[in-house]
Each structure stands twice: as C-alpha cells, then as structure tokens.
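Structure record follows, encoded as structure tokens.
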Amino acid sequence: LTGVLDDCLCDIESIDDFNTFKIFPKIQKLQERDYFRYYKVNLKRPCPFWADDGHCSIKDCHVEPCPESKIPVGIKAGSSNKYSKATNNSKELEDCEQANKLGAVNSTLSNQSKEAFIDWARYDDSQDHFCELDDERSPDAQYVDLLLNPERYTGYKGPSAWRVWNSIYEENCFKPRSVYRPLNPLAPSRGGSGSVCLFSWTGLCLEKRVFYKLISGLHASINLHLCANYLLEETWGKPRWGPNVKEFTHRFDPTETKGEGPRRLKNLYFLYLIELRALSKVAPYFERSVVDLYTGNGHEDAESKALLLDIFRDTKSFHMHFDEKSMFAGDKKGAKSLKEEFRLHFKNISRIMDCVGCDKCRLWGKLQTQGLGTALKILFSEKEIQSLPENSPSKGFQLTRQEIVALVNAFGRLSTSIRELQNFKVLLQQTR
C-alpha cells in the first residue's frame, strides 16, 4: 500500500513515518491519563430503527462499568460542559444567577413553558453537533474505564452485525456508482465469482466522496483492531490475544475482496488525515489558560495538558494536511443545504450505534463515531475557534468533556490502526 491518496496531496509513506515516530507514542500515553481513560456512556439506549434482536451473550461482549469510588473527584463532580477548576468552583454562583434570571423573566410562566425554553436551548446547542450525544444525567449512563475494556474481537457477528453495517452503508451513506449491493464491504457479493467490482465516482461531488471515505475508513479501522487483537486460544481460562494474519487477509487481501481491500485501507489513511486536521485546528481552544482538563489532581492535570499541547504542536508541523476549505465552497444556499445533509446523515449513523448487540462493540462504536463527529464539528467551526476569548468559556464554540475524550481516543484508535498495519506487513512477509 503506497502512493498518494485521492482528494488530497499526501502520500501513505509520509503518514506512516509521522504516525510511528511522532504521534503514536504520545497519544498512547495521553489515553492512559485519568481524564481520557474514563468515558461516560449509555449502553442501554434502545435501537431507534428496528426491534431489538437481543444482546450478545458471549462473555467478551460484556463491559464492566467503573465503580463510582474509582472515578476521580473532578470528573465525577463535573457536568458535561465543565472541564476546568475555575468553572467547577463557580458552579454555585452560576446556579444562583440563573435562578434569579429565570425568576425575574419567567415569573408568570408555567413550568411547562419553562421546560419548553430549556428544550429550545438544547435544540440550539445541538445545531453544530454531528452526533447524537448520550444524556450524561441519565441513570443508565455509566462511567467506563477504557483501559480495562479494550476493543478487540469478541465473536459478535452474523445477522445482527450485518444489519448495522448494511443500514449504515445502504441507507445513510452517499454512494459511488457501480458498487455491489449490499454496499457493506464485507457482505458477500451478488455479482458472481468471476465479476469485478467497478468503482465510479462519476457525478459524486467532493463532499459526498469524503463522507463515504470517512465511513469506509472507520469500518476498516475497526476491522483492523479486531484482526490485531484476536482471541488466538484459550487454555485453562487463560486467553491469548494477538494478531490473526488469516483474518486480516480475509478482510483486506485484494484477491479475497475483489480488489476492495487496499481501497478500504486507503480510506483509513484518509480518515486519519481528517481527524489529524481537526486536532491541529482545535489547538487554540485548549491553549487557553481557562482549560485545565480538570480531574482534581493538579499535578496530573498539568501533565495531561502539557502532553496534549505537545501533540497539537506535532499535528501543526505535519506539512500535508487535508484542505477542508475545498468542501462546501459552492454557492452559499447549495453549500448550506449540502452541509446540513452531511450533518444529518452522520447524526443518523451515530444513532445506529445504539443498535449494536454487543456491549463492547457498542461502546467503541459510539466512542469512535462521536470522535469523528467532534472532528467534523471542529472543522466546520474554524471562525468560532479563532475568535475564542482567552479567559472565559466560549459561547460560540464549546466542547463537552464527553466530546474531548471521544476525540482523543478515536484518533488514538486510528493511530493504533496504522501502527498495526505496519505489524501485519511484517507478519505477511514472514509467512511468504
């Protein structure tokens, strides 16, 4: 897998070197920090699109929630929009001011009307979101220690898993022409054993090509994680996890995938570039002194922020970024309509993650989808980020802690995928 990627001026070899020597070691360390290892998620939300077909009963599908006593006090005490010590300390004052304002303005309003105002505010806040966010106040939302629940092959497969990916590709993806149906890259083709899968982007604009590549790249990344962390054997209750070359070949070899495997992997690199670009763009948000990545442990918080800013410096130093300015650059009305279509398609895909029957797969699917959605939100908020006030929270652009954790961990997963791909190249050479 070599050469320049489509729709951007970047070659695969440069990404490999940059990821291996600069990004991968640092992002691994950052993911181990308390602020980024605890993710609050609701794994009990019902599937909104079809009747639930049951949860996976395989033991490796299980997710172990984190006891409240293990959660750092700063994370546990904070609400979704609070990430600094200052905002935590000023919470009571804000609550009082808010109560006074509501009392002064809405004293004649019914409780029902007040609820309507709150709903409108939530609706306004959601307009820049590309994902359906879990309500962190729900009793079903629980903290999960990501380090104790790693993403790996669980044995979850079959009709339930196919249904999720088919719904994503067939109903929620802008599709290139002349592609097999169902579009799911792993689904058996209907074209017969001797046919060739032709791929034509004719009539598909840049934005829709990008959307398809992002979803395909995410799918490829998840499949790489499963191949790299596969249950190889289990003797006397001691499982051995590791890379499965046969499974990797089945999912990505050109012969076994009718030439599609390398394209899927190229889409992984494209997705990496998109999220890398988002990290470089959001740096000013975190460079402000008001952002502390607050957990309650001052020393660790300072180290976490220093490491995050170091990663941002690396992302800025990369000299072959994807140029998102080429997207949605047509006439204003058409561009706005297309952007909204783009956002709603992706939001729907984030909702489909609640249909995944395996809890561990659902956890990592939701996190990586939300991470990508946060990256898209950043790329489409450049003006708001550039005009952020230095010493106070922004009204125009805001990231919840949930989004920050998802953004970093999702990019960490992509970085790991590209690193694992290098390992598989070596293993394949050894088997020849």
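Worth pointing out:
- Residues located in segment 363-417, provided they are of a type in the set (A, V, I, L, M, F, W, C), closer than 18 Å to Asp323 by Cα and in a loop (DSSP other than H, G, I, E, B): Phe380
- For segment 66-87, a residue qualifies if it is surrounded by fewer than 15 Cβ atoms within 10 Å (Cβ to Cβ) and at pLDDT 60 or above, and the qualifying residues are Pro67, Glu68, Ser69, Lys70, Val73, Ala77.
- Residues in segment 1-36 that are open to solvent by 50 Å² or more (accessible area, probe 1.4 Å), touching a residue at least 60 places away in the same chain (Cβ under 8 Å) and not in a loop (DSSP other than H, G, I, E, B): Lys22, Lys26, Gln28, Lys29.
- Flag for Arg264 being assigned to a helix (DSSP H, G or I), over 15 Å from Phe424 (Cα atoms) and touching a residue at least 60 places away in the same chain (Cβ under 8 Å): yes
- In segment 121-150, residue modelled with the lowest pLDDT [restricted to those that are of a type in the set (Asp, Glu) and open to solvent by 20 Å² or more (accessible area, probe 1.4 Å)]: Asp124
- Of the residues Gly373, Gly412, Gly357, the single one that is more than 12 Å from the chain's Cα centre (by Cα) and at negative phi is Gly357.
- All conditions but one from (1) without any contact (Cβ under 8 Å) to a residue 60 or more places away in the chain; (2) under 22 Å from Ile23 (Cβ atoms) apply to Ser387; the one that does not is (2).
- Search result, residues across segment 37-52 that are open to solvent by less than 30 Å² (accessible area, probe 1.4 Å) and not polar (S, T, N, Q): Tyr38, Tyr39, Val41, Leu43, Cys47
- A single entry from Thr249, Thr295 fulfils the requirement of being modelled with pLDDT of 90 or more, surrounded by fewer than 19 Cβ atoms within 10 Å (Cβ to Cβ) and among the polar types (S, T, N, Q): Thr249.
The values are calculated or read from the model by the stated rules, or taken from the named source; none is laboratory data. These numbers were taken from a predicted model, which means no experiment stands behind them. In this analysis, Cβ positions are derived from the backbone assuming ideal geometry, glycine residues included, and neighbour counts consider all displayed protein chains. In case anyone asks, the SASA skips ligands and DNA or RNA and just uses the protein heavy atoms, side chains included. Shrake-Rupley method; radii C 1.70, N 1.55, O 1.52, S 1.80 Å.
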